[in-house]
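S.K.: If you scroll down you'll find the structure; I have some questions about it.
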Amino acid sequence: MTGCAAAHSDGRPRGTRPVSLTPWKRRVPQQVRSRDRVERILEVAGEIVVADGVEAVTTRAVATGAGLPVASLYQYFADKEAVLLALVERDVADLQVQLAEDIAALATMSVRDLVEATMRAFVKVYHRRPPFVVIWFRGRTNAAVAGYCREHNRRMARDLFHVARSAGMVVEGSDGLYAELAVEVADRILQIAFEDSLTGDPHVIDEGIALVTAYLETHATPVGIAGRPRHPAGPEQADRP
């Protein structure tokens, strides 16, 4: 939700900071062998999630699938909940990269542009990471995953609201509550879209984008609604205050 006349050299409107949605850092082993083991554990856990559901994930099943003693798995993860949370953290990191790339590629910036880029970035990641869909939407009985999902949504809402307000796209007097509500609604819409399929219902996704856009535009300035072209700034523009 950004848009301003002048831009930084990276395409960001002046007066804004880039959207920062970096997930919490999980502990990653330093040794190559250990990193490979952790990735294998996560891959096997993901395969089990897609094939049999979140409930089928156990430390023994994951260790067996990864060709490791259960004791070796416990060197990296305390229990199956920790494995599932690590899967979500890994896939959210992938989402942040996708989202940043898609927003940077926008030719114009408006509320609708940003909503569509954000929601379709989620869809792209869901398509290539099916375990993420199952855990994110169907596995929130896991308290750690549910807490992570909620905090991630809050942080995303805060970041996007800050960017929009800094760019002058938010009606004066609005607070961050509407941004948080929009993120939660978008999350629920995607959950409905992927309820019965790992590919998602495109009609639900399209309608969801329209719904979230219409709500956010009630808090947007004319610039936020109409949008503005994004012109890469040259060196002289980039140096201006």
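Laboratory data are not the source of any read-out in this text; all were calculated from the coordinates shown. On a predicted model such as this, the values are computed, not experimentally measured, just so you know. Counting neighbours? That spans all protein chains shown, and the Cβs are built from the backbone with ideal geometry, glycine included.
S.K.: To the nearest 0.05, how large is the calculated FRET efficiency for Arg120 and Ala61 if R₀ is 25 Å and r is the Cβ-Cβ distance?
M.R.: 0.15
S.K.: Another one. For region 26-131, state which trypsin sites (Lys or Arg not before Pro) are in a DSSP loop and have at most 10 other beta carbons lying within 10 Å of their beta carbon.
M.R.: Sparse-neighbourhood loop trypsin sites (Lys or Arg not before Pro): Arg27.
S.K.: Which residue, Ala107, Ala146, Val212, has the largest displacement toward the positive end of the dipole of region 100-241 when charges sit on each Cβ (Lys, Arg +1; Asp, Glu -1)?
M.R.: In region 100-241, that residue is Ala146.
S.K.: In addition: Simple spin-label model, 7 Å along Cα-to-Cβ: Arg158 to Ile192 in nm?
M.R.: It is 2.9 nm.
S.K.: Quick one: dipole size for region 59-174, taken about the Cα centre, charges +1 on Lys/Arg Cβ and -1 on Asp/Glu Cβ, in debye to the nearest 20.
M.R.: 320
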